[in-house]
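Asker: Pasting a structure below so you can have a look.
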Amino acid sequence: MAATDHLEKRLGLSDGAADMNGIRWVAGEGADVRAIAQALKQEGARFITITAYELPSGQGFCLEYLWDLNGELLGFNVHAEAGVVPSIFDLCEAADWIEREIHEEFALEFAGRAYEPLLLREGDRPGVNLHEVAS
């Protein structure tokens with residue numbers, strides 16, 4: 001039994017769970033990012049990162065969240081509806097840098113937080129990666 005089984009059931013994510021490349025991926029469609037982050041923190045999980053990528057044909061963006069729970073990697077995907085996802089920074093300070101970086105690179109908004117620039121200079125627009133592609 002995976003260390004995450006009880007957590008997946010509690011959050012209603014157990015349908016579609018699959019182990020791939022050493023990560024236990026749980027169904028993330030419609031996942032409540034904040035509820036999952038809160039539950040993982042309560043379990044003593046360690047936040048690792050968020051990976052963002054643009055979906056083909058203008059379908060928006062996908063964010064992959066990765067956590068370590070007792071040596072088991074747990075991941076879930078979230079589709080960024082209209083370029084906005086809830087921030088988990090107030091629940092997990094380790095998410096600060098990566099949320100800011102994704103905001104600057106892809107112009108995605110993490111609802112419920114303010115941004116301090118990482119790489120952008122005053123007057124620069126977020127979406128550095130999107131501007132490079134369009135050029």
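Every number here is computed from the coordinates shown, using simple stated rules; none is lab data. Everything numeric in this text was worked out from a predicted model, so none of it was measured. Ideal geometry is used to build each Cβ from the backbone, glycine not excepted, and the neighbour counts take in all protein chains shown.
Asker: Can you tell me the length gained on complete extension of the stretch Trp97 to Ala111, counting 0.36 nm per residue apart and subtracting the Cα distance?
Answerer: Result for the pair: 3.5 nm of gain on full extension.
Asker: Also, I was wondering about something else. Measure off 7 Å from each Cα along the Cα-to-Cβ vector at His79 and Ile48, then give the distance between these two points in nanometres to one decimal.
Answerer: A separation of 2.5 nm, rounded to one decimal place.
Asker: Can you list the trypsin sites (Lys or Arg not before Pro) in region 30-135 that are in a DSSP coil and have 14 or fewer other beta carbons within 10 angstrom?
Answerer: Taking region 30-135 and a limit of 14 other Cβ atoms within 10 Å, the loop trypsin sites (Lys or Arg not before Pro) found are Arg121.
Asker: Sticking with this one: Chymotrypsin sites (Phe, Trp or Tyr not before Pro), restricted to region 30-123: which are DSSP loop and have at most 16 other Cβ atoms within 10 Å?
Answerer: Listed in order of number, the matching sites are Tyr115.
Asker: Shifting gears a bit: Restricting attention to the alpha-carbon atoms of region 37-78, what are Rg (one decimal) and Dmax (integer), both in Å?
Answerer: Spelled out, the Cα radius of gyration and Dmax of region 37-78 are 12.4, 38 Å.
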